[in-house]
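Report on the following structure.
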Amino acid sequence: MSRSGDVVGVGDLVRGVIATVPEVASVNRGLFNLLRFGPDDIGSIGLRLQQLAEQHPHRIALRFEGRDWSYADLNAWSNRVASVLRTRGVRPGRRVAIMMENRAEVLPCMLAVTKLGAVACMINVQQRGEVLAHSLKLTEAAHAIVGAECADAVSQLLAQDSALEHLQVLWEGEGQCPARWEDLRSLGAGAPADNPPEVERIRMRQPCFYIFTSGTTGLPKASVMTHYRWLRGMAGLGQMSLRLRGDDVLYCCLPLYHNNALTVSLGAVFGAGATFALGRKFSASRFWDEVRASDATSFCYIGELCRYLLNRPDDPRDRDHRVRVIVGNGLRPEIWDAFRERFGIDRVCEFYGASESNLAFANGFGLERTAGFCPLPFAIVEFDVLDEQPVRDRKGHLRRVSRGGTGLLITEVTDKAPFEGYTDARATEAKLLRDVFKRGDVWFNTGDLVRDQGFRHIQFVDRIGDTFRWKGENVATTEVEAALNRFDGIEHAVVYGVQVPHADGRAGMAAVSFAEAPTPERLRALAAHLRAVLPAYAVPVFLRLRQEHEVTGTFKFRKGELKQQGFDPEQVDEPLYWLADPDHGYAPLGRAQFDKIAAGGIRL
């Protein structure tokens, strides 16, 4: 694909369409499902599992650490758990919190809850204390399924917070069940394995689970996923774009409390009747060994996972695997080609979407460096980075950017693409834009800046709040991070804007991890590199050197604390540098230099 702004050309599109011809049966199946699914139709995740158990009872549905379960096994297991939950009062519309690390038991528990028409609230296993209490209260759950590995965090919370004392906890694990909790494994052993009758009454518009936002900018919010959105994801992203076959194995080591695992990966597998190979957690050093052990032909990625793998030393076995197609989001354009070439990946099915978004983009044609296309109504509109608001004209309407331009991505809310929002009504309304192009229309504000690549394709640029303004120009953090990560020796870079006294806008700052401690010569070389590949206003003014970065469970960098600490030596216990003289590169920043900048004695 053309590297000039990474726009999509006619030739790119034609070649991509031709490449899908051998898999036209899967494309047609996905298109048919997209057209026929309706919010009021009977349909659900559980019903899809039951269909697969009837059609392909002996196919492997789930693989985990050397053990396999067929579709018939997984369906029966889910039914036994559903029977236990029903006898304890779980009914359609009720919420059940699930808190377990990745292991085989998570899937039948989630499936059991959804088979009853209830809502599985997938709790982030890293949450503790106030944040965990917030999430549990937000779900309004009366029941919880807690893995033994999370038992201490939950039991301590229940002992301290009387508002949660009503929670009925089912324990999933080996050994001694905690007092006043019930042992799900022993209860389920003798429970009936018949398909629950509730499945036949579930309509697609009903919620199936809650997915929590990462909480990088505040307490987590619970976004609502319906069976309708899950099934449309299975059809559009799974069957039409990823196009797995029945003999495929998709390896997923992403946490099952995240949509990339629970919707994208599982949906693609169920769409094809393929095998879901679950990894306990991501490990860069063990990743390819686990891919080979699971006999995977595909895997799901997110965020910086691909960069972690690319930063590993070359290995003679880098191409010793069966993976032909991967699916995920966050494969940065600057490492796209290098990743594919080193590991021998035939096709990258990059997509764009969010837990709360009402539509998604998918790279179904296998083009390079794009998040793909979307046939449903969307727009990329002009955005004022300083005010963090879309630009409205004299009539109060928004203006679209031209092809190749960057702007705010918004998606129209329609019957075919409803916005299901959050459990919090105010948070839901805050994500909507009204009277956008005409009176009465409603659009979802994605909060993301993207590039219009043409032919309804987009490329992710940055998130609102990450892009900042300096020297009268907009600086996209992703583009500066890309320039930093191209410098030899840098393992990871996180870029953000910091406030500087007596200066307008925010100055660029980068928290950088080097493979080895950089010498003064290397820091001068870094400054020269950045000045050569970036506009002067985009070159970071400040550097912060760190051993490693804090990330969420889905590899999102935590920028909030970095922004608050800024470049103040009193707030930062790591080495600080600043671009005192562009010709001489980065120099140490101490208390004396900081005080002069803060007093306005040094103008940046």
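If you go through the range 43-72 and pick out every residue that is part of a strand (DSSP E or B) and either closer than 23 Å to LEU116 by Cβ or of a type in the set (Gly, Ala, Ser) (or both), you end up with 4.
Looking only at the range 36-47, decide whether some residue is touching a Cys at 6+ places or on another chain (Cβ under 8 Å) and closer than 26 Å to SER265 by Cβ. Within the range 36-47 (the criterion being touching a Cys at 6+ places or on another chain (Cβ under 8 Å) and closer than 26 Å to SER265 by Cβ), the answer is yes, since at least one residue qualifies. In the range 447-489, how many residues are touching a residue at least 60 places away in the same chain (Cβ under 8 Å) and of a type in the set (Ser, Thr, Tyr)? Of the residues in that region, 2 qualify. Report, by residue number, each residue of the range 455-477 that is within 15 Å of VAL495 (Cβ to Cβ) and in contact with a helix residue (DSSP H, G or I) (Cβ under 7 Å, 6 or more places away or on another chain). Of everything in the range 455-477, those that are within 15 Å of VAL495 (Cβ to Cβ) and in contact with a helix residue (DSSP H, G or I) (Cβ under 7 Å, 6 or more places away or on another chain) turn out to be VAL461, ASP462, ASP466, THR467, TRP470, GLU473, VAL475. Scanning the range 462-477 for residues that are surrounded by 20 or more Cβ atoms within 10 Å (Cβ to Cβ) and in a strand (DSSP E or B), we see that the one that is farthest from the chain's Cα centre (by Cα) is TRP470.
Could we say that PHE444 is without any contact (Cβ under 8 Å) to a residue 60 or more places away in the chain and either not in a loop (DSSP other than H, G, I, E, B) or not aliphatic (A, V, I, L, M) (or both) here? When the stated conditions are applied, PHE444 does not pass them.
Apart from one condition, GLN547 fits all of (1) in contact with a Ser or Thr (Cβ under 9 Å, 6 or more places away or on another chain); (2) in contact (Cβ under 8 Å) with a residue 24 or more places away in the chain; (3) surrounded by 16 or more Cβ atoms within 10 Å (Cβ to Cβ); the exception is (3). Would it be correct to say that VAL381 is more than 25 Å from the chain's Cα centre (by Cα), among the hydrophobic types (A, V, I, L, M, F, W, C) and surrounded by 19 or more Cβ atoms within 10 Å (Cβ to Cβ)? Criteria not met by VAL381. With (1) of a type in the set (Val, Ile, Thr); (2) more than 23 Å from LEU237 (Cβ to Cβ); (3) touching a His at 6+ places or on another chain (Cβ under 7 Å) as the list, and VAL381 as the residue in question, which single condition is left unmet? The single condition VAL381 does not satisfy is (3). Considering the conditions (1) modelled with pLDDT of 95 or more; (2) under 25 Å from GLU350 (Cβ atoms), ILE202 is excluded by exactly one of them, (2). ALA510 meets all of the listed conditions (1) in a strand (DSSP E or B); (2) surrounded by fewer than 18 Cβ atoms within 10 Å (Cβ to Cβ); (3) among the small types (Gly, Ala, Ser) but one, namely (2). Consider the range 386-408. How many of its residues are in a loop (DSSP other than H, G, I, E, B) and surrounded by 23 or more Cβ atoms within 10 Å (Cβ to Cβ)? Number of matching residues: 0.
Whether a residue is surrounded by fewer than 21 Cβ atoms within 10 Å (Cβ to Cβ) and at pLDDT 95 or above was assessed, and GLN168 passes this test. For the range 31-46, indicate whether the set of residues that are farther than 20 Å from PRO418 by Cα, surrounded by fewer than 19 Cβ atoms within 10 Å (Cβ to Cβ) and at pLDDT 95 or above is non-empty. No, because not a single residue in the range 31-46 is farther than 20 Å from PRO418 by Cα, surrounded by fewer than 19 Cβ atoms within 10 Å (Cβ to Cβ) and at pLDDT 95 or above.
Take VAL450 and decide whether it is within 30 Å of GLY328 (Cβ to Cβ) and at pLDDT below 90. No. When VAL348 is tested against (1) under 29 Å from GLU304 (Cβ atoms); (2) in contact with a strand residue (DSSP E or B) (Cβ under 7 Å, 6 or more places away or on another chain); (3) of a type in the set (A, V, I, L, M, F, W, C); (4) outside any strand (DSSP E or B), only condition (4) is not met.
Could you check the range 513-560 and list, in sequence order, the residues that are assigned to a strand (DSSP E or B) and not polar (S, T, N, Q)? Selection gives PHE514, PHE542, LEU543, ARG544, LEU545, VAL551, PHE557. Do we find that TRP230 is in contact (Cβ under 8 Å) with a residue 60 or more places away in the chain, part of a helix (DSSP H, G or I) and among the aromatic types (Phe, Trp, Tyr) in this structure? Taking the combined requirement at face value, the residue satisfies it.
I'd like to know if the range 289-299 contains one or more residues that are touching a helix residue (DSSP H, G or I) at 6+ places or on another chain (Cβ under 8 Å), of a type in the set (S, T, N, Q), in the same structural domain as ILE211 (by TED's automatic domain parsing) and not in a loop (DSSP other than H, G, I, E, B). Checking the range 289-299: at least one residue is touching a helix residue (DSSP H, G or I) at 6+ places or on another chain (Cβ under 8 Å), of a type in the set (S, T, N, Q), in the same structural domain as ILE211 (by TED's automatic domain parsing) and not in a loop (DSSP other than H, G, I, E, B). On the given criteria, is VAL224 assigned to a helix (DSSP H, G or I), in contact (Cβ under 8 Å) with a residue 40 or more places away in the chain, in the same structural domain as LEU136 (by TED's automatic domain parsing) and crowded, with 19+ Cβ neighbours inside 10 Å? Taking the combined requirement at face value, the residue does not satisfy it.
Return yes when THR411 is polar (S, T, N, Q), closer than 26 Å to ASP466 by Cβ, modelled with pLDDT under 95 and surrounded by 15 or more Cβ atoms within 10 Å (Cβ to Cβ) and no when it is not. No: the conditions fail for THR411.
The values are calculated or read from the model by the stated rules, or taken from the named source; none is laboratory data. Just so it is clear, the structure is predicted and the values come from calculations on it, not from any experiment. Cβ atoms come from the backbone with ideal geometry, glycine included; neighbour counts cover every protein chain shown.
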